[in-house]
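The values are calculated or read from the model by the stated rules, or taken from the named source; none is laboratory data. No experiment lies behind these values; they were computed from the predicted model shown. Cβ coordinates were reconstructed from backbone atoms using ideal geometry, including for glycine residues, and neighbour counts include every protein chain displayed. Just the protein is used for accessible areas: all its heavy atoms, side chains included, with ligands, DNA and RNA removed. Shrake-Rupley method; radii C 1.70, N 1.55, O 1.52, S 1.80 Å.
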Amino acid sequence: MSTFTLRYYDEERLLPFVKRTANGVRVFEESDLAFLHVINCLKHTGMLIHDIRNYIVWAEERDASLQKRYDLFQKQRQEIDRQIKQLMEYRKCIDSKCRYYPEGSESRDQGDPFWTG
């Protein structure tokens, strides 16, 4: 993870658990790295920073927020399933083009059916 990303996460108040030295240098413990992995996962699956921040606040509440965190992850799982379905549709389109453009194919001389698949 880049220092730029870490600074951004810090500015967005996503790293309240990370300790700092007297000079302000972040000191990451093993548990911090695991938490960063979850934050990174959520961000890369399209979760909004606001929702990630809510998750962090809830995580600090421990058992009192288990249901909220579960619901959040269930919602994100549904979003990932939607993304996968959409990607599979894109894959079908790409696959059809890959079948159309095989190396050495004579069908290329007939023109690219760009609009038909």
statement: Inside the stretch 59-74, the number of residues satisfying the requirement of being under 13 Å from F17 (Cβ atoms) and hydrophobic (A, V, I, L, M, F, W, C) is 1
message: Any residue that is part of a loop (DSSP other than H, G, I, E, B) and either open to solvent by less than 90 Å² (accessible area, probe 1.4 Å) or among the small types (G, A, S) (or both) - is there at least one of those in the stretch 79-94?
response: no
query: Can you name every residue in the stretch 34-59 that is surrounded by fewer than 11 Cβ atoms within 10 Å (Cβ to Cβ) and in a helix (DSSP H, G or I)?
result: A34, H44, H50
field: Any hit, the stretch 19-36, residues being within 11 Å of the chain's Cα centre (by Cα) and at pLDDT 90 or above
entry: no
task: Residue by residue through the stretch 21-33, note down the ones that are part of a helix (DSSP H, G or I) and either open to solvent by 50 Å² or more (accessible area, probe 1.4 Å) or of a type in the set (S, T, Y) (or both).
output: E30, S31, L33
task: Return only the number of the condition from (1) open to solvent by less than 70 Å² (accessible area, probe 1.4 Å); (2) under 30 Å from R82 (Cα atoms); (3) touching a residue at least 12 places away in the same chain (Cβ under 8 Å) that V18 does not satisfy.
output: (2)
